[in-house]
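Comments concern the structure below.
The values are calculated or read from the model by the stated rules, or taken from the named source; none is laboratory data. Everything numeric in this text was worked out from a predicted model, so none of it was measured. All Cβ positions, glycine included, derive from the backbone under ideal geometry; neighbour counts span all protein chains shown.
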(Lines give C-alpha, C1' and ligand atoms only; values in the text may rest on other atoms or scores of the structure.)
Protein backbone atom coordinates (compact mmCIF):
# COMPACT_ATOMS: atom_id res chain seq x y z
CA UNK A 1 0.00 0.00 0.00
CA UNK A 2 1.39 3.40 -1.01
CA UNK A 3 1.90 5.76 1.89
CA UNK A 4 0.89 9.39 1.51
CA UNK A 5 3.11 12.11 2.92
CA UNK A 6 1.25 15.16 4.22
CA UNK A 7 3.02 18.51 4.45
CA UNK A 8 1.92 21.07 7.00
CA UNK A 9 3.54 24.40 7.76
CA UNK A 10 4.07 25.08 11.47
CA UNK A 11 3.70 28.75 12.34
CA UNK A 12 2.70 31.08 15.14
CA UNK A 13 1.06 34.49 15.13
CA UNK A 14 4.12 36.28 16.49
CA UNK A 15 7.44 37.73 15.36
CA UNK A 16 9.46 34.67 16.26
CA UNK A 17 8.25 31.08 16.47
CA UNK A 18 10.81 28.26 16.89
CA UNK A 19 13.76 30.25 15.56
CA UNK A 20 14.23 33.27 17.86
CA UNK A 21 16.10 36.11 16.23
CA UNK A 22 15.50 34.97 12.65
CA UNK A 23 13.31 38.02 12.11
CA UNK A 24 16.53 40.05 11.91
CA UNK A 25 17.47 38.30 8.65
CA UNK A 26 16.89 40.62 5.65
CA UNK A 27 14.84 37.99 3.78
CA UNK A 28 12.61 37.13 6.73
CA UNK A 29 9.15 38.70 6.81
CA UNK A 30 7.85 37.38 10.12
CA UNK A 31 8.02 40.89 11.56
CA UNK A 32 4.94 41.54 9.39
CA UNK A 33 2.87 39.06 11.41
CA UNK A 34 0.44 41.87 12.29
CA UNK A 35 -0.51 42.32 8.60
CA UNK A 36 -3.14 40.04 7.06
CA UNK A 37 -1.38 40.25 3.68
CA UNK A 38 1.59 38.45 5.20
CA UNK A 39 -0.57 35.48 6.18
CA UNK A 40 -2.65 35.30 3.01
CA UNK A 41 0.46 35.50 0.83
CA UNK A 42 2.13 32.81 2.93
CA UNK A 43 -0.93 30.56 2.60
CA UNK A 44 -1.08 31.09 -1.18
CA UNK A 45 2.64 30.27 -1.42
CA UNK A 46 2.17 27.08 0.62
CA UNK A 47 -0.83 26.02 -1.44
CA UNK A 48 1.16 26.59 -4.63
CA UNK A 49 3.86 24.34 -3.18
CA UNK A 50 1.29 21.56 -2.60
CA UNK A 51 1.27 21.88 1.17
CA UNK A 52 -1.78 20.23 2.72
CA UNK A 53 -2.25 22.59 5.64
CA UNK A 54 -0.94 25.36 7.81
CA UNK A 55 -1.02 25.08 11.58
CA UNK A 56 -0.84 28.26 13.65
CA UNK A 57 0.25 27.44 17.18
CA UNK A 58 -0.57 29.51 20.23
CA UNK A 59 0.49 29.77 23.87
CA UNK A 60 -1.42 31.45 26.65
CA UNK A 61 1.60 32.13 28.89
CA UNK A 62 5.08 33.42 28.10
CA UNK A 63 8.62 32.01 28.35
CA UNK A 64 9.67 33.39 31.72
CA UNK A 65 11.82 30.51 33.05
CA UNK A 66 15.14 31.40 31.40
CA UNK A 67 17.15 33.52 33.84
CA UNK A 68 14.07 33.76 36.01
CA UNK A 69 12.12 36.38 34.08
CA UNK A 70 10.68 37.75 30.84
CA UNK A 71 13.54 40.09 29.98
CA UNK A 72 15.34 37.80 27.53
CA UNK A 73 12.11 36.69 25.87
CA UNK A 74 11.09 40.32 25.38
CA UNK A 75 14.53 41.31 24.12
CA UNK A 76 14.65 38.50 21.56
CA UNK A 77 10.97 38.44 20.59
CA UNK A 78 10.72 34.81 21.67
CA UNK A 79 7.05 34.01 21.03
CA UNK A 80 6.08 37.38 22.44
CA UNK A 81 3.88 39.26 21.77
CA UNK A 82 1.51 36.54 20.59
CA UNK A 83 -1.74 37.25 18.72
CA UNK A 84 -4.88 35.11 18.54
CA UNK A 85 -4.53 32.57 15.68
CA UNK A 86 -8.30 32.38 15.20
CA UNK A 87 -8.23 35.82 13.60
CA UNK A 88 -6.24 34.36 10.68
CA UNK A 89 -8.66 31.57 9.75
CA UNK A 90 -11.12 33.60 7.67
CA UNK A 91 -8.54 35.56 5.63
CA UNK A 92 -6.57 32.40 4.83
CA UNK A 93 -9.75 30.50 3.92
CA UNK A 94 -10.88 33.26 1.58
CA UNK A 95 -7.46 33.48 -0.11
CA UNK A 96 -7.03 29.75 -0.76
CA UNK A 97 -9.10 26.82 -2.04
CA UNK A 98 -7.54 23.57 -0.83
CA UNK A 99 -5.22 24.18 2.10
CA UNK A 100 -6.35 23.08 5.56
CA UNK A 101 -6.11 25.40 8.56
CA UNK A 102 -5.36 24.36 12.13
CA UNK A 103 -4.99 26.42 15.29
CA UNK A 104 -4.21 25.93 18.95
CA UNK A 105 -7.20 26.50 21.21
CA UNK A 106 -8.19 25.19 24.60
CA UNK A 107 -11.45 25.18 26.52
CA UNK A 108 -9.34 25.18 29.70
CA UNK A 109 -8.95 28.91 29.21
CA UNK A 110 -12.16 29.71 27.37
CA UNK A 111 -15.77 28.72 28.02
CA UNK A 112 -16.79 25.92 25.60
CA UNK A 113 -20.03 27.64 24.57
CA UNK A 114 -18.46 31.01 23.72
CA UNK A 115 -15.58 29.26 21.95
CA UNK A 116 -17.98 27.20 19.81
CA UNK A 117 -19.93 30.37 19.09
CA UNK A 118 -16.79 32.04 17.77
CA UNK A 119 -16.29 29.15 15.37
CA UNK A 120 -19.91 29.09 14.27
CA UNK A 121 -20.97 29.28 10.66
CA UNK A 122 -24.42 30.16 9.35
CA UNK A 123 -25.22 28.78 5.90
CA UNK A 124 -26.77 30.69 3.02
CA UNK A 125 -27.64 34.09 4.42
CA UNK A 126 -29.74 35.21 1.48
CA UNK A 127 -28.67 38.61 0.16
CA UNK A 128 -26.08 39.16 2.88
CA UNK A 129 -23.49 40.39 0.38
CA UNK A 130 -25.75 43.42 -0.15
CA UNK A 131 -27.05 43.75 3.41
CA UNK A 132 -25.96 46.28 6.02
CA UNK A 133 -27.11 44.06 8.90
CA UNK A 134 -27.41 40.28 9.31
CA UNK A 135 -29.94 38.82 11.73
CA UNK A 136 -28.37 35.91 13.62
CA UNK A 137 -30.26 33.42 15.81
CA UNK A 138 -28.69 31.22 18.46
CA UNK A 139 -29.92 28.76 21.09
CA UNK A 140 -28.59 29.44 24.59
CA UNK A 141 -27.44 26.68 27.00
CA UNK A 142 -30.80 27.15 28.74
CA UNK A 143 -32.59 26.24 25.53
CA UNK A 144 -33.85 29.75 24.76
CA UNK A 145 -33.55 31.09 21.23
CA UNK A 146 -32.22 34.61 20.92
CA UNK A 147 -31.62 36.92 17.98
CA UNK A 148 -29.12 39.70 17.45
CA UNK A 149 -28.35 41.94 14.46
CA UNK A 150 -24.69 41.90 13.41
CA UNK A 151 -23.27 44.65 11.22
CA UNK A 152 -22.19 43.30 7.83
CA UNK A 153 -19.12 45.58 7.96
CA UNK A 154 -18.10 44.55 11.49
CA UNK A 155 -14.65 43.03 12.05
CA UNK A 156 -14.79 39.24 11.97
CA UNK A 157 -17.79 39.03 9.62
CA UNK A 158 -17.12 37.34 6.28
CA UNK A 159 -19.65 36.52 3.56
CA UNK A 160 -18.58 34.09 0.88
CA UNK A 161 -20.16 34.34 -2.58
CA UNK A 162 -20.54 30.55 -2.79
CA UNK A 163 -24.23 30.19 -3.70
CA UNK A 164 -24.29 27.73 -6.62
CA UNK A 165 -28.01 27.20 -7.27
CA UNK A 166 -29.41 26.94 -10.81
CA UNK A 167 -31.88 29.67 -9.80
CA UNK A 168 -31.65 32.98 -7.95
CA UNK A 169 -28.10 33.31 -9.19
CA UNK A 170 -27.93 37.05 -8.48
CA UNK A 171 -29.26 37.07 -4.90
CA UNK A 172 -25.73 37.39 -3.44
CA UNK A 173 -26.37 34.57 -1.02
CA UNK A 174 -23.62 32.59 0.59
CA UNK A 175 -21.94 31.25 3.69
CA UNK A 176 -21.58 33.71 6.55
CA UNK A 177 -18.86 33.29 9.18
CA UNK A 178 -18.63 35.19 12.44
CA UNK A 179 -15.24 35.32 14.14
CA UNK A 180 -15.47 37.32 17.40
CA UNK A 181 -17.73 39.85 15.65
CA UNK A 182 -18.72 42.62 18.07
CA UNK A 183 -22.36 42.91 19.11
CA UNK A 184 -24.25 45.21 21.44
CA UNK A 185 -25.76 43.18 24.33
CA UNK A 186 -28.70 45.56 24.27
CA UNK A 187 -29.57 44.25 20.80
CA UNK A 188 -30.01 40.65 21.99
CA UNK A 189 -33.69 39.74 22.19
CA UNK A 190 -35.71 36.60 22.75
CA UNK A 191 -36.79 35.11 19.43
CA UNK A 192 -40.24 36.44 18.61
CA UNK A 193 -40.10 39.42 20.96
CA UNK A 194 -39.15 41.76 18.13
CA UNK A 195 -42.26 40.85 16.12
CA UNK A 196 -44.04 37.54 16.45
CA UNK A 197 -45.26 37.58 12.85
CA UNK A 198 -41.65 37.68 11.62
CA UNK A 199 -41.67 34.29 9.86
CA UNK A 200 -44.92 35.16 8.07
CA UNK A 201 -43.38 38.47 7.02
CA UNK A 202 -40.26 36.78 5.64
CA UNK A 203 -42.38 34.19 3.81
CA UNK A 204 -44.41 37.00 2.26
CA UNK A 205 -41.25 38.47 0.74
CA UNK A 206 -40.67 35.15 -1.05
CA UNK A 207 -44.35 34.94 -2.01
CA UNK A 208 -44.26 38.46 -3.47
CA UNK A 209 -41.19 37.52 -5.49
CA UNK A 210 -42.98 34.44 -6.81
CA UNK A 211 -45.99 36.56 -7.76
CA UNK A 212 -43.67 38.95 -9.60
CA UNK A 213 -42.21 36.04 -11.54
CA UNK A 214 -45.75 35.03 -12.51
CA UNK A 215 -46.47 38.51 -13.88
CA UNK A 216 -43.21 38.53 -15.84
CA UNK A 217 -44.07 35.16 -17.38
CA UNK A 218 -47.47 36.45 -18.51
CA UNK A 219 -46.12 39.75 -19.88
CA UNK A 220 -43.10 38.30 -21.69
CA UNK A 221 -45.04 35.42 -23.24
CA UNK A 222 -47.85 37.73 -24.42
CA UNK A 223 -45.30 40.06 -26.04
CA UNK A 224 -43.58 37.13 -27.73
CA UNK A 225 -46.87 35.81 -29.13
CA UNK A 226 -47.85 39.28 -30.40
CA UNK A 227 -44.64 39.58 -32.43
CA UNK A 228 -44.52 35.98 -33.63
CA UNK A 229 -45.36 35.34 -37.31
CA UNK A 230 -44.71 31.62 -37.69
CA UNK A 231 -47.66 29.32 -37.12
CA UNK A 232 -48.48 25.64 -37.47
CA UNK A 233 -50.45 24.23 -40.41
CA UNK A 234 -52.73 22.37 -38.03
CA UNK A 235 -53.28 25.45 -35.89
CA UNK A 236 -56.45 27.55 -35.85
CA UNK A 237 -55.12 30.94 -36.95
CA UNK A 238 -53.00 32.61 -39.58
CA UNK A 239 -50.76 34.00 -36.84
CA UNK A 240 -50.27 32.90 -33.23
CA UNK A 241 -51.83 36.19 -32.11
CA UNK A 242 -55.07 35.08 -33.78
CA UNK A 243 -55.00 31.45 -32.66
CA UNK A 244 -57.70 30.88 -30.00
CA UNK A 245 -55.79 28.00 -28.40
CA UNK A 246 -52.64 30.09 -28.06
CA UNK A 247 -54.69 32.96 -26.65
CA UNK A 248 -56.18 30.52 -24.16
CA UNK A 249 -52.68 29.79 -22.85
CA UNK A 250 -51.98 33.53 -22.45
CA UNK A 251 -55.26 33.92 -20.60
CA UNK A 252 -54.29 31.10 -18.25
CA UNK A 253 -50.90 32.72 -17.58
CA UNK A 254 -52.55 36.04 -16.72
CA UNK A 255 -55.10 34.29 -14.52
CA UNK A 256 -52.36 32.49 -12.60
CA UNK A 257 -50.41 35.73 -12.17
CA UNK A 258 -53.51 37.61 -11.03
CA UNK A 259 -54.48 34.92 -8.52
CA UNK A 260 -50.92 34.75 -7.12
CA UNK A 261 -50.80 38.53 -6.66
CA UNK A 262 -54.26 38.62 -5.02
CA UNK A 263 -53.28 35.89 -2.57
CA UNK A 264 -50.07 37.67 -1.60
CA UNK A 265 -52.00 40.89 -0.95
CA UNK A 266 -54.39 38.96 1.28
CA UNK A 267 -51.44 37.62 3.31
CA UNK A 268 -50.05 41.15 3.56
CA UNK A 269 -53.37 42.32 5.04
CA UNK A 270 -53.15 39.56 7.66
CA UNK A 271 -49.64 40.72 8.59
CA UNK A 272 -50.88 44.30 8.83
CA UNK A 273 -53.61 43.16 11.24
CA UNK A 274 -50.97 41.37 13.34
CA UNK A 275 -48.95 44.58 13.45
CA UNK A 276 -52.00 46.65 14.45
CA UNK A 277 -52.88 44.15 17.21
CA UNK A 278 -49.65 44.86 19.09
CA UNK A 279 -50.34 45.71 22.73
CA UNK A 280 -53.32 43.42 23.33
CA UNK A 281 -51.93 40.00 24.24
CA UNK A 282 -55.00 37.93 23.34
CA UNK A 283 -55.79 39.77 20.11
CA UNK A 284 -52.13 39.84 19.12
CA UNK A 285 -51.68 36.08 19.64
CA UNK A 286 -54.70 35.32 17.47
CA UNK A 287 -53.66 37.77 14.73
CA UNK A 288 -50.12 36.37 14.66
CA UNK A 289 -51.43 32.80 14.33
CA UNK A 290 -53.72 33.81 11.47
CA UNK A 291 -50.87 35.61 9.69
CA UNK A 292 -48.68 32.50 9.93
CA UNK A 293 -51.49 30.25 8.73
CA UNK A 294 -52.39 32.50 5.81
CA UNK A 295 -48.74 32.60 4.72
CA UNK A 296 -48.59 28.80 4.92
CA UNK A 297 -51.84 28.38 2.95
CA UNK A 298 -50.63 30.81 0.33
CA UNK A 299 -47.26 29.16 -0.16
CA UNK A 300 -48.55 25.92 -1.64
CA UNK A 301 -51.09 27.61 -3.91
CA UNK A 302 -48.88 30.45 -5.17
CA UNK A 303 -46.01 28.03 -5.81
CA UNK A 304 -48.27 25.77 -7.87
CA UNK A 305 -49.68 28.68 -9.86
CA UNK A 306 -46.27 30.10 -10.78
CA UNK A 307 -44.58 26.76 -11.47
CA UNK A 308 -47.47 25.81 -13.75
CA UNK A 309 -47.19 29.15 -15.57
CA UNK A 310 -43.42 28.68 -16.00
CA UNK A 311 -44.13 25.37 -17.75
CA UNK A 312 -47.19 25.97 -19.93
CA UNK A 313 -45.82 29.24 -21.34
CA UNK A 314 -43.84 27.09 -23.79
CA UNK A 315 -47.11 25.80 -25.23
CA UNK A 316 -47.82 29.25 -26.67
CA UNK A 317 -44.48 29.59 -28.44
CA UNK A 318 -43.43 26.12 -29.51
CA UNK A 319 -39.71 25.56 -30.06
CA UNK A 320 -39.09 29.32 -29.94
CA UNK A 321 -39.65 29.19 -26.18
CA UNK A 322 -36.59 27.05 -25.61
CA UNK A 323 -34.09 29.24 -27.45
CA UNK A 324 -31.36 30.45 -25.15
CA UNK A 325 -31.70 34.17 -26.05
CA UNK A 326 -35.28 34.20 -24.77
CA UNK A 327 -34.09 32.95 -21.35
CA UNK A 328 -37.65 31.95 -20.48
CA UNK A 329 -36.30 29.00 -18.52
CA UNK A 330 -35.01 31.42 -15.91
CA UNK A 331 -38.55 31.86 -14.60
CA UNK A 332 -38.91 28.17 -13.78
CA UNK A 333 -35.42 28.01 -12.27
CA UNK A 334 -35.99 31.07 -10.09
CA UNK A 335 -39.45 29.95 -8.99
CA UNK A 336 -38.16 26.48 -8.19
CA UNK A 337 -35.27 27.89 -6.12
CA UNK A 338 -37.58 30.26 -4.23
CA UNK A 339 -40.08 27.55 -3.37
CA UNK A 340 -37.28 25.26 -2.17
CA UNK A 341 -36.11 27.68 0.54
CA UNK A 342 -39.26 27.00 2.52
CA UNK A 343 -40.47 23.51 1.49
CA UNK A 344 -44.19 23.60 0.71
CA UNK A 345 -44.73 19.92 1.55
CA UNK A 346 -45.04 20.78 5.27
CA UNK A 347 -47.49 23.65 4.92
CA UNK A 348 -50.68 21.74 4.09
CA UNK A 349 -50.09 19.49 7.10
CA UNK A 350 -49.63 22.48 9.42
CA UNK A 351 -52.83 24.12 8.13
CA UNK A 352 -54.75 20.85 8.32
CA UNK A 353 -53.58 20.20 11.89
CA UNK A 354 -54.88 23.61 12.88
CA UNK A 355 -58.22 23.10 11.12
CA UNK A 356 -58.86 19.66 12.64
CA UNK A 357 -57.05 19.72 15.99
CA UNK A 358 -56.76 23.47 16.65
CA UNK A 359 -52.96 23.06 16.81
CA UNK A 360 -51.34 26.50 16.61
CA UNK A 361 -48.63 26.97 13.96
CA UNK A 362 -44.99 27.17 14.94
CA UNK A 363 -43.45 30.64 14.77
CA UNK A 364 -39.90 29.33 14.83
CA UNK A 365 -38.32 26.78 12.54
CA UNK A 366 -34.74 26.12 11.56
CA UNK A 367 -32.80 23.83 9.26
CA UNK A 368 -29.73 21.88 10.30
CA UNK A 369 -28.43 18.57 11.59
CA UNK A 370 -30.17 17.15 14.66
CA UNK A 371 -27.94 16.18 17.55
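Checked against (1) over 17 Å from residue 327 (Cβ atoms); (2) surrounded by 15 or more Cβ atoms within 10 Å (Cβ to Cβ), residue 232 passes all but a single condition, namely (2). Take residue 318 and decide whether it is within 30 Å of residue 347 (Cβ to Cβ) and more than 29 Å from the chain's Cα centre (by Cα). No: the conditions fail for residue 318. Is there a residue in segment 103-126 that is in a strand (DSSP E or B), closer than 26 Å to residue 39 by Cα and modelled with pLDDT of 80 or more? Looking through segment 103-126, at least one residue is in a strand (DSSP E or B), closer than 26 Å to residue 39 by Cα and modelled with pLDDT of 80 or more.
Show me the helices (runs of 4 or more DSSP H) entirely contained within segment 1-96 in which 2 or more residues are crowded, with 17+ Cβ neighbours inside 10 Å and touching a residue at least 40 places away in the same chain (Cβ under 8 Å).
36-48, 89-95
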